[in-house]
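S.K.: Sharing a structure, written as structure tokens. Questions coming.
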Amino acid sequence: WKFVIVGLIGGLLAGIFGIGGGILMVPALITLTHLNQRQAAATSLAAIIPAAFIGSLFYAAVGNVEWLAAGVLAIGGALGAQIGTYLMSRIPQTGLVVGFAAFQVLIIISLWTFIPTRGQAIDWTPWTFALLALVGLVTGMVSGLVGIGGGIIVVPALIVLFGASDLVAKGTSLFMIIPSSISGTIANQRRGYLNVRAAAITGVVAAAVSPLGGLCANLMTPFVSNVLLASL
């Protein structure tokens with residue numbers, strides 16, 4: 001039942017904010033189930049995969065996925081996840097905990113610096129492709145390192161750096177999360193960090209409730225969405 005609770009949390013966050021939910025699932029797994037930092041990060045990353053898949057289908061059904069951007073981000077993310085999971089095996093657990101907390105503080109600050117408007121579109125130039133690949137690489141590294149899907153980076157980046165609307169940013173983020181999370185999960189499994197049973201329970205529940213989160217996202221204004229995520 002503890003993994004069910006974590007899955008409910010992760011799935012709703014995925015649908016509402018276009019993120020994997022790891023920012024809360026990792027601390028919840030550590031607190032409720034007594035997994036250590038590496039095990040919680042690996043379990044969270046695996047559980048994100050089905051939630052992101054179902055959530056991205058919901059956003060795609062209403063035209064809120066920028067497929068080209070998602071593809072470029074995904075390539076960079078898959079490579080970065082391998083680097084991140086390697087670093088996770090080398091960095092002391094205390095360092096991972098401190099780094100995870102510091103990362104969340106940076107996200108809170110960024111959410112208050114820019115409020116998106118709907119109807120915006122990405123302006124495609126050669127620099128757009130290069131910057132998207134770089135964002136994907138960094139996102140994948142953070143994903144593999146601390147066990148988040150990476151949407152908490154991609155959503156603000158798509159809005160602030162590329163001019164996407166908030167709903168398109170969320171839908172694109174969820175689709176991009178899938179390959180990078182798969183890549184990181186394979187690496188974690190090889191290193192013995194993944195709790196398959198915990199990831200399966202958490203992931204199935206998260207996938208079931210992510211469309212509900214997507215419905216909530218459509219009812220929120222961009223300002224309300226940013227305030228709620230920053231508060232979380």
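The values are calculated or read from the model by the stated rules, or taken from the named source; none is laboratory data. Nothing here was measured: the structure is a model prediction, and the numbers come from that model. When we count neighbours, we look across all protein chains shown, and the Cβ atoms used for this are built from the backbone with ideal geometry, even at glycine. When the accessible area is computed, the model is the full protein with side chains, heavy atoms only, and any ligands, DNA or RNA have been set aside. Shrake-Rupley method; radii C 1.70, N 1.55, O 1.52, S 1.80 Å.
S.K.: Please determine, in degrees from 0 to 90 and to the nearest 10, the orientation of helix 67-88 with respect to the longest principal axis defined by the Cα atoms of the chain, where the helix direction is its Cα long axis.
M.R.: 30 degrees
S.K.: To continue, here is another question. Go ahead and estimate [θ] at 222 nm for the chain from helices alone: -39,500 (n - 2.57) per DSSP H run with n ≥ 4, summed, over the residue count, rounded to 500.
M.R.: When only DSSP H runs of four or more count, the value is -27000 deg cm²/dmol.
S.K.: A follow-up question, please. Compute the long axis of helix 22-33 from its Cα atoms, compare it with the longest principal axis of the Cα atoms of the chain, and write down the angle in degrees, 0 to 90, nearest 10.
M.R.: That helix lies at roughly 20 degrees to the long axis.
S.K.: While we're looking at this one, here's another question. If you average the C-alpha positions of the stretch 127-174 and of the stretch 37-96 separately, how far apart do those two centres end up, in angstrom?
M.R.: Using only Cα atoms to place each centre, the spacing works out to 10 Å.
S.K.: Give me the accessible area of MET25, 1.4 Å probe, in Å² rounded to the nearest 10.
M.R.: Rounded to the nearest 10, that gives 0 Å².
S.K.: Kindly state, to the nearest 0.05, the FRET efficiency for LEU232 paired with TRP124, given R0 = 25 Å and r defined as their beta-carbon distance.
M.R.: My answer for the efficiency is 0.20.
S.K.: On to the next question. Of all the stretches in the chain, which is the longest one without any exposed loop site, taking trypsin sites (Lys or Arg not before Pro) in a DSSP loop (any state but H, G, I, E, B) with at most 12 other Cβ atoms within 10 Å?
M.R.: 119-232
S.K.: Okay, moving on. Kindly list the residues of the stretch 54-78 that lie in the label zone of ILE186, defined by a backbone N under 16 Å from the point 7 Å along the Cα-to-C-beta vector.
M.R.: Within reach of a label on ILE186: 74-78.
S.K.: Which order do you get for PHE17, PHE53 if you rank them by accessible area with a 1.4 Å probe, largest at the top?
M.R.: The ordering from most to least exposed comes out as PHE53, PHE17.
S.K.: Express in nm, to one decimal, how much length is gained between THR94 and VAL4 on full extension, taking 0.36 nm for each residue of separation and deducting their alpha carbon distance.
M.R.: Full extension from THR94 to VAL4 adds 29.7 nm.
S.K.: Return one number: the angle in degrees, 0 to 90 and rounded to the nearest 10, between the long axis of the Cα atoms of helix 166-190 and the longest principal axis of the Cα atoms of the chain.
M.R.: With both axes taken from Cα atoms, the answer is about 30 degrees.
S.K.: At 7 Å along Cα-to-Cβ for each site, give me the label-to-label distance between ALA60 and VAL204 in nm.
M.R.: Here the modelled spin labels are 2.4 nm apart.
S.K.: Let me ask something additional. How much area per residue is accessible in the chain when the probe is 1.4 Å and only protein heavy atoms are counted (Å²)?
M.R.: Solvent-accessible surface per residue comes out at 41 Å².
S.K.: Rank ALA28, ALA74, ALA102 by mean-square fluctuation in a GNM of the chain with C-alpha springs under 10 angstrom and give only the top-ranked residue.
M.R.: ALA102
S.K.: If you don't mind, there's one more thing I want to ask. Using a 1.4 angstrom probe and counting only protein chains, how large is the accessible area of TYR86 in Å², to 10?
M.R.: About 110 Å², ignoring ligands and nucleic acids.
S.K.: Further question: Counting only the backbone N, which residues of the stretch 53-87 are under 16 Å from the spot 7 Å out from the Cα of LEU131 toward its beta-carbon?
M.R.: 69-70, 72-73
S.K.: log₁₀ I(q)/I(0) of the chain at q = 0.09, 0.11, 0.17 Å⁻¹, via Debye over equal Cα point scatterers, no solvent, to two decimals?
M.R.: For the chain at q = 0.09, 0.11, 0.17 Å⁻¹, log10 I(q)/I(0) is -0.30, -0.45, -1.14.
S.K.: Output the peptides 79-85, 180-186, 129-135 sorted from most to least packed, where packing is the average of other Cβ atoms within 10 Å over each peptide's residues.
M.R.: Those peptides, ordered most packed to least, come out 180-186, 79-85, 129-135.
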